[in-house]
C-alpha cells in the first residue's frame, strides 16, 4: 500500500467515521497541533535517553506519547465516528496529576514565572509546554464548533503543567540556574 492516496490533493481529508472535511477544519488543526506536540515530546525523550537517572522520565514521556495518539484520535472524530474511539480513562489524568504533584513536592516553591533555558532539555520542556497550550487552544476551538470528548481537553490542560514542572525538575538534575522573571 502506498503512503500517498491522492485523495487530499484538493485540500480535504477524512475524519474517523468517514466524513471528508477541508484540512483547514478546526478538528484537523487540533489533531495536527497534538501531532506536532508528539514530535517534540519524542525529541525531548531522545534528548534524555542514555542518562540512567532519567530513565523513569523517558518511560513517562513514552506513556505520554501513547496518550497523545489517543487524544489525536478523539480530536479526529467526525460524523459517525463517535463510537469508534474510547475516551481517555480518568486514571490517565490521575496518573499525570500524580507525576505533577511528585515533581512539585520535590522542588523549592517559587512565586514568579520562570524563563525558559539553561539546558537544551529544559528548553525543550518549554517548547513542549507552549506547543501543548496551543494544541489545547485548538482543541477548545474544535470543541466549541463540533464538541470534543472532555477527557482530551482535561488531559491536555494537565499535560502543559507536567512539562512546566519537568523543566523545573531538569534544571535541578542538570545543575543549571533557574532564572525567574523579575519585571
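Computed quantities for the displayed model
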| read-out | value |
| --- | --- |
| Listed values [x] 31, 21, 15; [y] 33, 17, 16; [z] 22, 21, 18, entry calculated as semi-axes √(5λ) of the Cα gyration tensor in Å | [y] |
| Ranked list, fewest to most other Cβ atoms within 10 Å of each Cβ, for 95, 181, 155 | 181, 95, 155 |
| Computed label-point distance, nm, for sites residue 179 and residue 23 using a 7 Å Cα→Cβ extension | 3.8 |
| Share of Cα-Cα pairs in region 8-115 lying beyond 20 Å, as whole percent | 56 |
| Acute angle (nearest 10 degrees) that the helix 150-173 long axis makes with the longest principal axis of the chain, alpha-carbon atoms | 30 |
| Residue 42 paired with residue 113, simple spin-label distance in nm, labels 7 Å along Cα-to-beta-carbon | 3.1 |
| Label-point separation, residue 140 to residue 49 (7 Å along Cα→Cβ), nm | 3.4 |
| Spatial extent of region 107-183: Rg and Dmax, with the Cα atoms as the point set, Å | 14.6, 46 |
| At R0 = 25 Å, FRET efficiency that the Cβ-Cβ distance of residue 123 and residue 172 yields, to 0.05 | 0.95 |
| Rounded to 10°, Cα long-axis angle of helix 90-106 versus longest principal axis of the chain | 20 |
| Length released on extending from residue 56 to residue 101, taking residue separation times 0.36 nm less the Cα-Cα span | 14.6 nm |
| Mean residue ellipticity (222 nm) of the chain, computed from DSSP H runs ≥ 4 via -39,500 (n - 2.57), nearest 500 | -21500 deg cm²/dmol |
| Principal-axis tilt of helix 120-146 within the chain, Cα atoms, nearest 10 degrees | 30 |
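Every read-out reported here was derived from the displayed coordinates using simple, explicitly stated rules and does not represent laboratory data. Predicted model, so just to flag it, every value in this text is computed and none were measured. Cβ: placed from backbone, ideal geometry, glycine included. Neighbour counts: every protein chain shown.
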